1. Return only the number of the condition from (1) surrounded by 19 or more Cβ atoms within 10 Å (Cβ to Cβ); (2) modelled with pLDDT under 75; (3) not in a helix (DSSP H, G or I) that Ala44 does not satisfy.
2. Could you list, in sequence order, all residues of the stretch 93-149 that are surrounded by 14 or more Cβ atoms within 10 Å (Cβ to Cβ), among the small types (Gly, Ala, Ser) and farther than 18 Å from Ile37 by Cβ?
3. Please determine, by comparing only the residues of the stretch 17-31 that are in a helix (DSSP H, G or I) and over 14 Å from Ala169 (Cβ atoms), which one is nearest to the chain's Cα centre (by Cα).
4. Starting from residues that are of a type outside the set (A, V, I, L, M) and free of Cβ contacts under 8 Å to residues at least 12 places away in the same chain, keep the ones in the stretch 9-36 and report whichever is nearest to Gly127 (Cα to Cα).
5. Within the stretch 124-146, does at least one residue satisfy the condition of being at negative phi, assigned to a loop (DSSP other than H, G, I, E, B), aromatic (Phe, Trp, Tyr) and within 14 Å of the chain's Cα centre (by Cα)?
6. Filter the stretch 149-169 down to the residues that are out of contact with any Phe, Trp or Tyr (no Cβ under 9 Å at 6 or more places or on another chain) and aliphatic (A, V, I, L, M) and list them by number.
7. I'm trying to understand the selection: among the residues of the stretch 77-110, which are at pLDDT below 90, of a type in the set (Val, Ile, Thr) and not in a helix (DSSP H, G or I)?
8. What's the number of the condition Val67 fails, among (1) modelled with pLDDT of 90 or more; (2) touching a helix residue (DSSP H, G or I) at 6+ places or on another chain (Cβ under 6 Å)?
Amino acid sequence: MIPRLQERYQNIIRPQLAEKLSISNVNAIPRLEKIVINMGVGSAMQDKKHLEIAYEAMTDIAGQKPVMTIARLSVAGFRLREGVPIGCKVTLRRARMYEFLDRLVSLVLPRVRDFRGVSRTAFDGKGNYSLGLSEQLVFPDLNPDKYTRPQGMNICIITSAPDNDQAFALLEMFGMPFRAPKKPKVTA
């Protein structure tokens, strides 16, 4: 079964985007390539259970098993040793990617407290967008009784767009709730 956001991209967004950006080659139209979700668990150095809980939460959120991230360097100031697990990440592609983006846009972001939209400037210059969530309990998939410790995460949306403007147009058509642009102050 094709996710509804993927079907919407193929039938509605892609033709509109080609017209808006005046792209005639179908393969040059910007598309989503993958979504990477990352949880850094700094408190895993003191208590390994925090990393296990984050691993389970990431599995519930993404629908697939994450990969443990390992410390590459030893940093004495953080009491960090090389080779110690300090977080987890998951890469979503194809159907799971579209399902996750659909849940993120329609369910999760509106549940964030004092939400006024995501930043318009969080692009990296190559068409990729990153955002951070300070608490994983905004996902309705998680049981608040099981995950009592607040844990944040980073979400990186990688697109095939060559620049920020095309990526912005793509994500806007997917329904990403961007903040309203700031109006210039008029002086009299």
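The values are calculated or read from the model by the stated rules, or taken from the named source; none is laboratory data. All figures in this text were calculated on a predicted structure; none of them were measured in a lab. Positions of Cβ are backbone-derived with ideal geometry, glycine not excepted, and every protein chain shown enters the neighbour counts.
1. (3)
2. Gly127
3. Step by step, filter the stretch 17-31, then rank; the result is Asn27.
4. Asn27
5. Scanning the stretch 124-146, I find at least one residue that is at negative phi, assigned to a loop (DSSP other than H, G, I, E, B), aromatic (Phe, Trp, Tyr) and within 14 Å of the chain's Cα centre (by Cα), so the answer is yes.
6. Selection gives Met153, Ala169.
7. Within the stretch 77-110, Val84, Ile86 meet the criteria.
8. (2)
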